[in-house]
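Rule-based calculations on the coordinates, nothing more; no lab input. Note that the coordinates shown come from a computational prediction; the quantities given were computed from them, not determined experimentally. Counting neighbours? That spans all protein chains shown, and the Cβs are built from the backbone with ideal geometry, glycine included.
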Amino acid sequence: MSIKDTQINENPWQTLSTETRYDNNWIKVEHHEVINPSGNQGIYGKVHFKNLAVGIVVLDENFNTYLVGQYRYPLNHYSWEIPEGGSPLDKDPLEMAKKELKEETGLTANKWHELGVLHTSNSATDEKAIMYLATDITIGEAQPEETEILKVKKLPFYKFIEMIEKGQITDAISICAGFMAEKWLNKQNI
């Protein structure tokens, strides 16, 4: 079967069986026996996320933004990122983004703009991220979770974009949100 033979929105995959191989409060790992688009039997692994990801680009009145630095266990290295977190599927993602921003940086924002949606690695996971721009900032005290040792860095927004362009920021949500915020700001002539 070729792409010509199938409608663009039709699913060319057939699932024969699904087995959960790992399950915790945040993710479920599934093993699928499938018939692939070429008609052959195969396997597919899927990581299902039980939360939405939320990411926040902060912009203060002087066009500074705030990054969060932390050691990322799966990558085995330190990472600079925008403030991010998880939003349970039954919660309002904007309210959870506000909570994450306050928790990780101590900041609150009076104005919020949704920048867009991202699927972080759609060949292996169904994780979905919603990215926001937060402005009209008030500074407070951070309250990170017990598993987080965070460093907050304030820098000009253009330096954040430079860090992305130089490969100093590799987090997918941070990269996408940074460029989407830059595009939005350009459209606003800001």
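Here are the numbers for the structure shown:
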quantity	calculated
Residue-averaged [θ]222 nm for the chain, counting only DSSP H segments that reach four residues, each worth -39500 (n - 2.57)	-6500 deg cm²/dmol
Relative contact order (%) - the chain, alpha-carbon pairs under 8 angstrom, separation at least six	21 percent
Net length gained if the chain between D136 and N110 were fully extended (0.36 nm per residue, minus Cα distance)	8.8 nm
Of K99/K128; K102/K153; K99/K183; K50/K154, those spanning more than 20 Å from alpha-carbon to alpha-carbon	K99/K183; K50/K154
At q = 0.30, 0.33 Å⁻¹, base-10 log of I(q)/I(0) for region 3-49 (Debye sum, equal scatterers on each alpha carbon)	-1.02, -1.11
Approximate shape of the chain as ellipsoid semi-axes (Cα gyration tensor, √5λ), whole Å, largest first	35, 20, 15
Considering only the chain, percent of DSSP beta bridges that pair antiparallel, nearest 5	85 percent
log10 of Debye I(q)/I(0), alpha-carbon scatterers only, for region 37-125 at 0.14 Å⁻¹	-0.63
Ranked by how many other beta carbons lie within 10 Å on average, peptides 87-99, 70-82 from highest	87-99, 70-82
